[in-house]
Amino acid sequence: MRNFDELSEREILALAISNEEEDARVYADFSDGLHEDYPATAKVFDEMAVEENGHRRRLIDLFVSKFGDHIPLVRRQDIRGYIPRKPVWQMKPLGLEAARAHTHDMERAAARFYRQALTRTTDASVRKLLGDLAEEEDKHDQLATGLEHEVLTGDARQSEAENARRRFVLQIIQPGLVGLMDGSVSTLAPVFAAAFATHNSWSAFVVGLAASIGAGISMGFAEALADDGKLSGRGAPLLRGLVCGLMTTAGGIGHTLPYLIPYFYTATVIAIIVVVIELSVIAWIQWRYMDTPPLSAAAKVMIGGALVLAAGILIGSS
């Protein structure tokens with residue numbers, strides 16, 4: 001690796017050309033990744049890519065006039081002190097706000113580069129172009145904001161916000177809710193059956209822990225293998241499976257942990273209180289994100305949970 005201070009004017013211009021090419025491709029990648037769900041924002045990134053390509057052409061013209069047709073390949077990763085950027089193809093799923101934040105970071109870094117490069121050059125024409133580009137990169141944040149206001153009308157923003165909410169519900173809330181319901185309800189019967197069959201807190205805890213972890217693994221694999229998300233729009237299957245599995249385990253662990261208390265009846269009372277809290281959370285999520293009427297959500301969840309709880313207690317007591 002080379003230090004930036006060791007670069008010649010020829011190498012600085014080559015690095016600037018490489019930087020602009022990379023930035024233009026990043027914006028094009030953002031546009032490609034967002035055009036299906038966020039077409040208005042994708043148009044903003046298309047305009048940003050055009051701007052970067054214009055900078056690249058101006059730099060190439062100056063380089064050719066000064067140093068000839070061959071442009072050496074000098075890249076950011078070859079210069080000591082540059083902070084490596086995460087490639088766009090690794091930013092999956094590509095988030096709207098993450099892309100915008102990444103854009104502002106890129107523009108600030110580009111302006112900083114040109115100001116530093118300006119101190120390393122003596123040729124008047126090179127200094128003029130680098131200074132102009134530094135000012136333009138400083139203004140690019142304002143340009144991006146202006147383009148957003150121009151392209152992202154109120155209707156477009158509302159549509160994109162609704163699409164983002166829909167994906168969040170499909171990809172996170174829905175699998176998480178399924179897992180939480182399964183973990184909270186399905187493990188009630190084995191936990192309380194073991195508790196009332198043995199009147200031993202530790203036995204109930206072991207059964208609950210095994211049931212929770214087993215259910216989490218099972219539900220996680222079931223959700224991940226259900227579909228690839230391409231047609232349903234439900235997103236990455238591994239993410240859905242992870243969310244579903246973790247929430248399933250969490251749902252079962254909640255009313256299992258009280259049985260770490262050695263006193264059986266005390267542990268059971270606390271476990272039942274935890275069950276009521278879990279079912280209330282499920283009803284709230286259904287109302288908040290699934291547009292289920294609150295009374296209907298609470299009634300369905302509470303009745304179902306009460307039936308499973310009663311079944312576990314009756315079986316354990318028989």
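Grab the Cα-Cα distance for ILE270 and ALA210, subtract it from 0.36 nm times how many residues apart they are, and report the gain in nm with one decimal.
19.6 nm is the gain from fully extending ILE270 to ALA210.
At 0.36 nm per residue, minus the direct Cα-Cα distance, what do LYS128 and TRP202 gain on full extension? Give it in nm, one decimal, please.
18.9 nm
Taking the Cβ of HIS35 as the centre, find all other residues whose Cβ is under 9 Å away and add up their charges (Lys, Arg: +1; Asp, Glu: -1).
With Lys, Arg at +1 and Asp, Glu at -1, the neighbours total -3.
Show log10 I(q)/I(0) for the stretch 168-317 at q = 0.08, 0.15, 0.16 Å⁻¹, two decimals, from a solvent-free Debye sum over equal Cα scatterers.
-0.23, -0.74, -0.82
With each label point set 7 Å from Cα along the Cα-Cβ vector, what nm distance links ARG25 and SER8?
According to this spin-label approximation, the distance is 2.6 nm.
With a Förster radius of 35 Å, plug the Cβ-Cβ distance of ASP32 and ALA226 into 1/(1 + (r/R0)^6) and report the FRET value to the nearest 0.05.
It comes to 0.80.
Can you give the FRET efficiency to the nearest 0.05 for LEU170 and SER65, using r as the Cβ-Cβ distance and R₀ = 45 Å?
It comes out at approximately 0.25.
When the chain is fully extended, how far beyond the present Cα-Cα distance does MET302 get from ILE261, taking 0.36 nm per residue of separation?
So the extension gain works out to 12.2 nm.
None of the figures in this text is laboratory data; all of them are computed from the coordinates on show. Source: prediction; values computed, not measured. Cβ: placed from backbone, ideal geometry, glycine included. Neighbour counts: every protein chain shown.
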